[in-house]
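This structure is in structure tokens; I'll ask about it shortly.
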Number of protein chains: 2
Amino acid sequence: MNILITGGCGFLGARLARTLLQQGSLSLAGAAPRAINRITLADRVAPPEDLRADPRIASAEGDLLELIASGQGLPADTDLVFHLAAAVSGECEADFDLGMRSNLEATQVLLQACRALGSKPVLVFSSSVAVFGDSPEQPLPPVITDTTLPTPQNSYGIQKFIGEQLVADCTRKGFVRGRSVRLMTVSVRPGRPNAAASSFLSGMLREPLAGQRATCPVPPDTAVALSSPGNTVAGLIRAATASDGEWGARTAVNLPALTITVREMAQALERVAGPAATALIAWQPDAQIAKIVTSWPSRIQATRAKGLGLEADASFEAIIRAYAQENPDAVKLEVRG
Amino acid sequence: MNILITGGCGFLGARLARTLLQQGSLSLAGAAPRAINRITLADRVAPPEDLRADPRIASAEGDLLELIASGQGLPADTDLVFHLAAAVSGECEADFDLGMRSNLEATQVLLQACRALGSKPVLVFSSSVAVFGDSPEQPLPPVITDTTLPTPQNSYGIQKFIGEQLVADCTRKGFVRGRSVRLMTVSVRPGRPNAAASSFLSGMLREPLAGQRATCPVPPDTAVALSSPGNTVAGLIRAATASDGEWGARTAVNLPALTITVREMAQALERVAGPAATALIAWQPDAQIAKIVTSWPSRIQATRAKGLGLEADASFEAIIRAYAQENPDAVKLEVRG
């Protein structure tokens, strides 16, 4: 089996690739397991060294739109595409045209390329909880379900929601077997801050654990819907392995989320790494970021995901401990217990 | 005030233009009424003669995408755009790429052109009840509201729903003051059949009244959501006159609909024009058309539209009588009462 991961050298794409390489085979859309022969990572940058060292990894380096347009992005024998590449929420808010190109146009071009294959590949589209947005004119319901009407309050959310519609229609037309999953905010992301409005939801843990200062730009009572990197990758893979019948409707599936306030996140950090860690968090409100993040929902009823056997992370403390274990070099403070 | 109507030479666009010319002025988005100086009709064909004779009518003839791209489609002093141009449902189902170009790409290009004006014109986007679609995997609720999740079951519905999202985001960004209205199936349309799957919902009245045979391709119990031409135009104009506060959320507004079965439509025809009229209807099932039409909802709770003072037509009999009065040359049978 041959797999393409767009945005495959990003944090989530690389983790997905590692997980797939480790399991070695996949039951594609409910079929019998087949060995994974090749995973192509399409991204602006080269794959991380550990992935490059695996003979099953191929790479397509460049702008996704140009890669696909020039025929290099999507190998003709691709069975499964994970479409993760995207401009993030902060970027799309700052540069409307960039978001339309990277998120909408690139998705259209990828779908057309899949259609041209004629082989109906499975396509897992990473949508986002950001399709849901609260506004004074249209308040969000207290709990989000799989059939709640998305009312995105930022361009990123609009573009992801449009992507869901395109994937649904291309599935109905028989161009792909599409599965859109709405990813929750992933925390704790390793590495460096990015331009996502949600970036601090990793940074406020990651930086203190590394002995560095971090800021929390939203009020302590702000509730968020989180998922660990491991749980998020599990959701993406399950979307690929579900049979058409298990998957059901062509609308997007909300992945499960752990609901927690940023205050509780800091408390969990303190239990794991002591008050020296939380002392490094500066609570500095940023109206621009707060406006985006507080418009997202925090309570998600992930009924369809649960039907596929997916569950939310058990606790945020467990998420922090897993991060510390997986990224020993990035943790300078002592982790207790 | 200067107005652009895309698809302005189609039946609905021309009727809208006539109504606007007749009223002579408009309260744009709640402001004081201003005289209508010019209405530009952008379409592939030339305006009907009666409109061409009015000095306030200008025309832009050609493909909308090309007109806009070449700077001819959207005059720089435009205050209000009615975006009605679209490929219809049957066409989009038969030719996916045509629908994507005419409905999605043209809407994107028009929004970019409005943005480039820098004057934040009001833009009324004609979406459609076809954004709602019933499927075995995701049955429609018995009654559709303004917050029901659309699950389009055809490409036309998907493209209209995507258009709503683009209009909402361009409104949020301050590029336009957008108002998306979901039009119900318009009946009775004068003129000739078109490629819309709903075309027969006018034809089964119009053709018998003209003494010609017509077919009804769906079972008699099929319920549909209809609006007369006059009531539909009233909804479009109200979308332009509502203040931002009256309009409310940036999501689309369902226009009111008269719910009726095709059998009841035939019965109303018989009351108006006698059994000679209904004898001309052949009940010939067409699976392809029935599949599209029966996937649309028939019961619409148009709460926001009612808040704007809009109501459904009182009866289908009244709709037929209005058609006969407005189109005397097209009616050969005697209309009673």
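Say we look at the stretch A:24-44 and pick out the residues that are touching a Gly at 6+ places or on another chain (Cβ under 7 Å) and not in a strand (DSSP E or B); which of these is surrounded by the fewest Cβ atoms within 10 Å (Cβ to Cβ)?
A:44
Can you pull out the residues in the stretch B:28-44 that are of a type outside the set (D, E, K, R) and touching a strand residue (DSSP E or B) at 6+ places or on another chain (Cβ under 7 Å)?
Of the residues in the stretch B:28-44, the ones of a type outside the set (D, E, K, R) are B:28-33, B:35-37, B:39-42.
Answer for the stretch B:28-44, where residues must be of a type outside the set (D, E, K, R) and touching a strand residue (DSSP E or B) at 6+ places or on another chain (Cβ under 7 Å): B:28, B:29, B:33, B:35, B:36, B:37, B:39, B:40, B:41, B:42.
Just to check your reading of the model, which residue among B:293, B:262 is touching a Cys at 6+ places or on another chain (Cβ under 7 Å) and under 15 Å from residue B:200 (Cα atoms)? Can you show your working first?
Numbers: B:293 fails: touching a Cys at 6+ places or on another chain (Cβ under 7 Å).
Answer to the selection: B:262.
Related question: Residue A:201: modelled with pLDDT of 95 or more and either in contact with a Pro (Cβ under 9 Å, 6 or more places away or on another chain) or away from every other protein chain (no Cβ under 14 Å) (or both), yes or no?
On the way: modelled with pLDDT of 95 or more: yes; either in contact with a Pro (Cβ under 9 Å, 6 or more places away or on another chain) or away from every other protein chain (no Cβ under 14 Å) (or both): yes.
When the stated conditions are applied, residue A:201 passes them.
Let me ask something additional. Which one is modelled with the lowest pLDDT, of the residues in the stretch A:315-337 that are acidic (Asp, Glu) and more than 14 Å from residue A:265 (Cβ to Cβ)? Give the steps one after another, and end with the answer.
Narrowing the stretch A:315-337 to residues acidic (Asp, Glu): A:317, A:326, A:329, A:334.
In the following step, the residues that additionally are more than 14 Å from residue A:265 (Cβ to Cβ) were identified as A:326, A:329, A:334.
Numbers: A:326: 95, A:329: 95, A:334: 92.
My answer is A:334.
Another one. Let me confirm something: among A:135, A:89, A:180, A:126, which residue is in contact (Cβ under 8 Å) with a residue 60 or more places away in the chain, at the interface with chain B (Cβ under 9 Å from one of its Cβ atoms) and touching a Ser or Thr at 6+ places or on another chain (Cβ under 9 Å)?
From the options A:135, A:89, A:180, A:126, the qualifying one is A:135.
Let me ask something else. Do you know which residues across the stretch A:253-301 are under 30 Å from residue B:173 (Cβ atoms), in a loop (DSSP other than H, G, I, E, B) and of a type outside the set (Val, Ile, Thr)?
Passing the criteria: A:255, A:257, A:284, A:285, A:286, A:295, A:296, A:297, A:298, A:299.
A quick yes/no check of all residues on (1) farther than 29 Å from residue B:22 by Cβ; (2) of a type outside the set (Asp, Glu):
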{"position": "B:226", "(1), (2)": "no, yes"}
{"position": "B:229", "(1), (2)": "no, yes"}
{"position": "B:251", "(1), (2)": "yes, yes"}
{"position": "B:254", "(1), (2)": "no, yes"}
{"position": "B:262", "(1), (2)": "yes, yes"}
{"position": "B:266", "(1), (2)": "yes, yes"}
{"position": "B:270", "(1), (2)": "yes, no"}
{"position": "B:283", "(1), (2)": "yes, yes"}
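Additional query: Applying the selection to the stretch B:79-128, what residues are at pLDDT 95 or above and of a type in the set (Val, Ile, Thr)?
Those that are at pLDDT 95 or above and of a type in the set (Val, Ile, Thr): B:81, B:107, B:109, B:122, B:124.
So, one more: Here are B:21, B:4: which of them is assigned to a helix (DSSP H, G or I) and either within 21 Å of the chain's Cα centre (by Cα) or under 23 Å from residue B:72 (Cα atoms) (or both)?
On the way: B:4 fails: assigned to a helix (DSSP H, G or I).
So the residue among B:21, B:4 that is assigned to a helix (DSSP H, G or I) and either within 21 Å of the chain's Cα centre (by Cα) or under 23 Å from residue B:72 (Cα atoms) (or both) is B:21.
Is it fair to say residue A:304 is surrounded by 22 or more Cβ atoms within 10 Å (Cβ to Cβ), of a type in the set (D, E, K, R), out of contact with any His (no Cβ under 8 Å at 6 or more places or on another chain) and in a loop (DSSP other than H, G, I, E, B)? Steps first, please.
On the way: surrounded by 22 or more Cβ atoms within 10 Å (Cβ to Cβ): yes; of a type in the set (D, E, K, R): yes; out of contact with any His (no Cβ under 8 Å at 6 or more places or on another chain): yes; in a loop (DSSP other than H, G, I, E, B): no.
No: the conditions fail for residue A:304.
Among the candidates B:241, B:251, B:261, B:185, single out the residue that is under 23 Å from residue B:155 (Cα atoms), out of contact with any Phe, Trp or Tyr (no Cβ under 6 Å at 6 or more places or on another chain) and away from every other protein chain (no Cβ under 14 Å). It would help to see each step written out before you state the result.
Working: B:241 fails: under 23 Å from residue B:155 (Cα atoms); B:251 fails: away from every other protein chain (no Cβ under 14 Å); B:261 fails: under 23 Å from residue B:155 (Cα atoms).
Matching residue, one of B:241, B:251, B:261, B:185: B:185.
Further, regarding this structure: Picking from B:240, B:196, which residue would you name as being at pLDDT below 95 and either part of a helix (DSSP H, G or I) or surrounded by 23 or more Cβ atoms within 10 Å (Cβ to Cβ) (or both)?
Values: B:240 fails: at pLDDT below 95.
When all the criteria are applied, what remains is B:196.
Let me ask something else about it. Return yes when residue A:163 is of a type outside the set (Val, Ile, Thr), within 13 Å of another protein chain (Cβ to nearest Cβ) and crowded, with 18+ Cβ neighbours inside 10 Å and no when it is not. Spell out how you get there, then give the answer.
Working: of a type outside the set (Val, Ile, Thr): yes; within 13 Å of another protein chain (Cβ to nearest Cβ): yes; crowded, with 18+ Cβ neighbours inside 10 Å: yes.
So residue A:163 fits the description; yes.
The values are calculated or read from the model by the stated rules, or taken from the named source; none is laboratory data. As the structure is a prediction and not an experimental result, all values here were calculated from the model. Quick reminder, even Gly has a Cβ in these numbers, built from the backbone with ideal geometry, and neighbours come from all protein chains shown.
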